[in-house]
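The values are calculated or read from the model by the stated rules, or taken from the named source; none is laboratory data. Remember, it's a predicted structure, so these values are computed and weren't measured experimentally. With ideal geometry, Cβ positions are generated from the backbone for all residues, glycine too; neighbour counts draw on all protein chains shown. These accessible areas exclude ligands, DNA and RNA; they are computed on the full protein's heavy atoms, side chains included. Shrake-Rupley method; radii C 1.70, N 1.55, O 1.52, S 1.80 Å.
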Amino acid sequence: MEKTTFYISGMRCGTCSTGIELALAKKNGIKSAKISLHEKIAIVEYDPATITTSDIIKIVNGLGYIATLSRGM
């Protein structure tokens, strides 16, 4: 398992962050997803043999938000 932090822009409320968290949690290969509305980040624990960071970004972007990899965390 790996843990990666993503910046997410476009979240405005708790419903936004909960929706992203639930969408990610349903995906095969993702063990956990913790979203911080205040910090505008998602910390995702996942199996890189099953799902990639690009896949995770596509999932979040498909929900109408903009996800990017965090650097230096």
Looking at the stretch 57-73, which of its residues are open to solvent by 80 Å² or more (accessible area, probe 1.4 Å) and either touching a Phe, Trp or Tyr at 6+ places or on another chain (Cβ under 6 Å) or modelled with pLDDT under 95 (or both)? Arg71, Gly72, Met73
When every residue in the stretch 27-73 that is touching a residue at least 24 places away in the same chain (Cβ under 8 Å), of a type in the set (D, E, K, R) and assigned to a strand (DSSP E or B) is compared, the one farthest from Lys3 (Cα to Cα) is Lys31
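Name every residue in the stretch 1-24 that is without any contact (Cβ under 8 Å) to a residue 40 or more places away in the chain, assigned to a helix (DSSP H, G or I) and either of a type outside the set (Gly, Ala, Ser) or open to solvent by 60 Å² or more (accessible area, probe 1.4 Å) (or both), in order of residue number. If you could, list the steps in order and put the result at the bottom.
Residues of the stretch 1-24 that are without any contact (Cβ under 8 Å) to a residue 40 or more places away in the chain, as a first pass: 12-15, 17-18, 21-22, 24.
Subsequent filtering for residues that are assigned to a helix (DSSP H, G or I) retains 14-15, 17-18, 21-22, 24.
Once the filter is applied, which keeps residues that are without any contact (Cβ under 8 Å) to a residue 40 or more places away in the chain, assigned to a helix (DSSP H, G or I) and either of a type outside the set (Gly, Ala, Ser) or open to solvent by 60 Å² or more (accessible area, probe 1.4 Å) (or both), the stretch 1-24 yields Thr15, Thr18, Glu21, Leu22, Leu24.
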